[in-house]
Amino acid sequence: MSVKKVILIGSGVRETYLAKRLFIDTNGQIAITVILTKRNPEISSYAKNVFLINDFTLETFLSNKNVEVFINKNFKDIDFAVIGPELPLQQGFADFFESIGIKTIGPKMGLAKLETSKLFCREFLRVNNLSKLSPMWCDIKDMERKKVSNIFNNLSSKYGNIVVKKTGLCGGKGVKVQGVDFTQYSEIEEFIFNGEEKAGDIIFEERLLGKEFSMMSLYNPNGVIYHLPPVKDYKRRFNGNSGPNTGSMGALVDKNNTLDFLSQDDLNLVKKYNKEILSHLHGYRGVFYGSYIKTNGVIKLIEVNCRFGDPEGVLALELFTGNLYELFSSICSNSIDRIPLQFSKNAILGIYMVPKEYAVESADIGESAGSLRNVIYFTGDYDRYMDNMIMGDVRFNGETYFTGSSRTLFVYGTENSLSNCINKVNGLVKFVGGSLDYRTDIGNEFIQDSYESCGVSVDRANQALALIKSDIVSTYNKNVTSEYGAFSGEYKLGNETLLASIDGVGTKSKFVTDLLGEEGYLTLGIDLINHSINDILVQGGKPLFFLDYFGTGHLNAIELRNFVCGIAHECKKHDVVLIGGETAEMPGFYKHESSSELVGCIVGVKDKRFHALNKNIESGDVLVYIDSSGPHTNGYSFIRKLNLSEHIVAEVPELIAPHRCYYKEVMDLLEKYGNGFIKGMCHITGGGLFENLKRIIPDNLFKTMDIKLNDIELPIWAEFLMDCSEITKKELLKIFNCGIGYVLIISPEDYARIIEDENNDLTYLGKL
């Protein structure tokens, strides 16, 4: 087998991946020459020749005598060159290579202006009747301050928020978004003028809201085009897409080579757009990268790159199942149509690990970095996980790895779902030590809700409730004092207000009885009555009487007795009368004869000490909570799907613990701190923390509520559910109470009182 010879320019993650992939796909029968500005130890391990130059200007490149000698001696034997970063494209590296007969993956300087000048790109689209792809834009180069200010204000009033872009190369960081990076024109003025009296090379664009993505296409001068899978990139530095723009903090492709917000028509349209643009680029060879946004059902082009994205190119090529060397060779020989382009149907997701100061502080950490915080190290079975890690801006002094100033490591996973990709990546980053930071929310918005995957949809339930609302409300009269959707209904009768609620145990009945048999019905009876008491307690109700329903395919007297015994036990504890009920045996109705449906209805009376409950909640109030005893009666469709053994459940007894009743604790707090102590109460049931808080907190306060998810300490049973499933913490809080059983809203003054009193079971949650 003859040895292949290629030139690769660049030293980041993208170039390291390309070197590694070319090496693997040729079984090591390749001589890779890398030209880089930063010494990357991993890319060097795949290279036969390494040339380190100060910068990617063509002048610097050609002035390096070692490079000149190598090129003059070997250019006839080079199969092709691959240009990774944008700066060498701008500097005309492709022009030089092509002039001496080296075919290049990367367009010549004139065509690369589509990326290197955003103004050129917008003008190109206009001249070629492709303005339909562009958002509204305006060139303000060389304009006076006053004129620019007027233009900005006029555009802002017409289009809303404006995006300010430097038109040249800025490594993905030359963009400022109104409403995100700045609010007033005065805040962005220095960015526009940079100390000069006239505007710099700047354009204004209307801010488009929607889902951003990219599609890369491979093209050669004979007009053949191949499209790679669409990729979703995350530019913002911190979780929640906050903080400054970066080159990228991570990216993903969903299974089946798509993204869930793109229809097949969308994908076809984007392919068409890429093809239309490329049809006007005569002589173009290499990668065309279209960055798009789907906004209000319309696809718009944000910008263009003339190279593989970093890391978008890594993810798309990792899904490519063919031979990368042969693919690149076919592009350079204008025979790309002879290579079938096939991709794995798996999902793929990757994140960047970066120095903590990345994109936040200006810090250039050189090769001789000596600060301990910049040391990085790897633990465990190195060879096992390094297949899924790629070095970027990393230094190595022969003994120790150091971070540079830019993106350090790219960690990725290819699995059959995005959830599994996230789990894979989360597992891999644990093997990396040192002062590195990374986003933990990448891909979360595309994960199918775990509860819905079990056949239970919170959204469907909300839609159904919305449909029946008008029919229910139409029956109300002047005696109804509660709003639709409250925990319980309120009905004024003379000088008293009655409260009533109905609920069931749900699929917990199947989970518990499968494990405990007949005895399980005792705990299920406790579940039912306690859940019901809590649902009227949140509206200030004192329970009076209770009715139960026991439906089954085959009546078992012991099961029924245990169920009623559990209810009666708790009724006596809280001075409630079990006034009646219904037992229904319906053979053939239930799927399994042993299945049972357990429902209860409770009636209570309003405790006059709670006359102002939920009416005076205001900004500054504090949320505290009482611990739950376990999942209570919610989320068991999800728990059952985990197929937990009796032995495992025995190690986590909270999963079958009865629902806690909070009546006594609440009454004791009133007795201790006074009648006005509690301003609002919330029982955390189905829908989790936020869906339930939404039921009692005014909209304006709910939207600004200060509850930090990272500060919520999960109980053992919740951690256990995360460990044995694909569920994230955010998603867990949408399904389960996560240890937060009952929330109280109190004034800041009263919160100061309970802080001083160590003899209470209240835990701080957040504030309004």
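Among bridges DSSP assigns within the range 176-291, what percent are antiparallel (round to 5)?
95
In nm, give the distance between the simple-model label positions of residue 468 and residue 183, each being 7 Å from the Cα along the Cα-to-Cβ direction.
4.4
Report Rg (one decimal) and Dmax (nearest whole number) for the chain, counting Cα atoms only, units Å.
That works out to 32.0, 103 Å for Rg and Dmax.
For the range 68-143, state which trypsin sites (Lys or Arg not before Pro) are in a DSSP loop and have at most 15 other beta carbons lying within 10 Å of their beta carbon.
Passing sites in the range 68-143 are 141.
Given a Förster radius of 30 Å and the C-beta distance between residue 477 and residue 703 as r, what FRET efficiency does 1/(1 + (r/R0)^6) yield to the nearest 0.05?
With R0 = 30 Å, the Cβ-Cβ based efficiency is 0.35.
Tell me, in nm to one decimal, what length is gained between residue 256 and residue 495 on full extension, where the rule is 0.36 nm per residue of separation less the Cα-Cα distance?
79.7 nm
Report, in degrees rounded to the nearest 10, the 0 to 90 angle that the Cα long axis of helix 557-573 makes with the longest principal axis of the chain.
So the inclination is approximately 80 degrees.
So between residue 264 and residue 326, what do we pick up on full extension, going 0.36 nm a residue minus the alpha carbon distance?
That works out to 19.4 nm of additional length.
Report, in listed order, any pair from 672/734; 356/767; 606/729; 108/275; 478/679 with a Cα-Cα distance greater than 27 Å.
Exceeds cut-off: 672/734; 356/767; 606/729.
Towards the positive end of the charge dipole of the chain, with charges on Cβ (+1 Lys, Arg; -1 Asp, Glu), say which of 26, 40, 137 has the farthest Cα.
Checking the options against the dipole of the chain, the answer is 137.
Using a Förster distance of 60 angstrom, determine the FRET efficiency expected from the C-beta separation of residue 648 and residue 144, and round it to 0.05.
With a Förster radius of 60 Å, E is 0.25.
Along the positive direction of the dipole of the range 113-338 (beta-carbon charges: Lys, Arg +1; Asp, Glu -1; about the Cα centre), which of 244, 277, 177 reaches farthest?
277
Tell me, 550, 690 in order of fewest to most beta-carbon neighbours within 10 Å?
With the fewest neighbours first, 550, 690 line up as 690, 550.
Want the number for residue 45 to residue 435: 0.36 nm per residue separation, take away the alpha-carbon distance, what's left?
137.9 nm
For 421, 661, which order do you get if you count the other beta carbons within 10 Å of each Cβ and list the fewest first?
If I rank by nearby Cβ atoms, fewest first, I get 661, 421.
Identify, among 297, 203, 350, the residue whose Cα sits farthest towards the positive end of the charge dipole of the chain, taking +1 on the Cβ of Lys and Arg and -1 on the Cβ of Asp and Glu, with the dipole about the Cα centre.
203
Lysine pairs in the range 4-105 with Cα distance under 19 Å, only those 8 or more apart or on different chains: how many are there?
21
Taking the DSSP beta bridges in the chain as the whole, what percent of them are antiparallel, to the nearest 5?
Antiparallel bridges: around 80 percent, rounded to the nearest 5.
Once you put a point 7 Å from the Cα of residue 5 and another 7 Å from the Cα of residue 69, both along the Cβ direction, what distance in nm separates them?
It works out to 1.6 nm between the two label points.
Taking 22 Å as R0, compute the FRET efficiency from the Cβ-Cβ separation of residue 375 and residue 52 and round it to 0.05.
0.45
Say each of residue 282 and residue 518 gets a label point 7 Å from the Cα, pointing the same way as Cα to Cβ; how far apart are those two points in nm?
Spacing of the two 7 Å Cα→Cβ label points: 9.1 nm.
GluC sites (Glu not before Pro) within the range 193-227: which are DSSP loop residues with at most 11 other Cβ atoms inside 10 Å?
196, 197
Which semi-axes, in whole Å and largest first, does the equivalent ellipsoid of the range 4-105 have when worked out from the alpha carbon gyration tensor as the square roots of 5 times its eigenvalues?
19, 16, 13
Using unit Cβ charges (K, R positive; D, E negative) and no other charged atoms, how large, in debye to the nearest 20, is the dipole of the chain about its Cα centre?
With only Lys, Arg, Asp and Glu charged at Cβ, the dipole is about 2580 debye.
FYI, it's all coordinate maths here, none of it is from the lab. Remember, it's a predicted structure, so these values are computed and weren't measured experimentally. Please note: Cβ atoms are built from the backbone with ideal geometry, for glycine as well, and neighbour counts cover all protein chains shown.
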